[in-house]
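Here is the structure we will look at, set down as structure tokens.
Nothing in this text is a laboratory measurement; each read-out follows from the coordinates by a stated rule. Here the structure is a predicted model, which is why all the values come from computation and not from measurement.
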Amino acid sequence: MIDTIIELVKKIIGLLPADPFAEYIDSVSAFFNESGVMGYINYFIPVNTFVAISQKWIIAVGIYIVVRTIVKGLKGGRP
């Protein structure tokens with residue numbers, strides 16, 4: 001039964017189109033990694049720090065929204 005479900009999911013995923021941006025992302029990431037441009041940009045603008053902080057903020061907001069939705073559901077939709 002589980003094998004059938006897994007095969008069905010694989011077939012459904014196989015129907016999805018390939019990523020149209022994969023080639024672009026690979027070329028941009030190769031440019032930044034090989035040329036060392038990101039190191040120079042990071043010296044003036046700490047992009048890595050901004051990304052890390054943004055990730056944590058998005059996770060915190062997501063948890064807040066999920067908890068708020070659960071609490072509203074338990075209260076029956078009343079504020």
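Is the stretch 24-69 best put as rounded, prolate or oblate by its Cα gyration tensor, with a ≥ b ≥ c the root eigenvalues, rounded for a/c under 1.5, and otherwise prolate when a/b is larger than b/c, oblate when not? Oblate. Enclosing the Cα atoms of the stretch 1-41 in their convex hull gives a volume equal to 98 cubic angstrom per residue. Subtracting the Cα-Cα distance of F32 and L15 from their residue separation scaled by 0.36 nm leaves 2.8 nm. Computed extension length for I63-L8: 16.6 nm, one decimal, from 0.36 nm per residue of separation with the Cα-Cα distance subtracted. Take the convex hull of the alpha carbons in the chain; its mean projected area over all directions comes to 10.6 nm².
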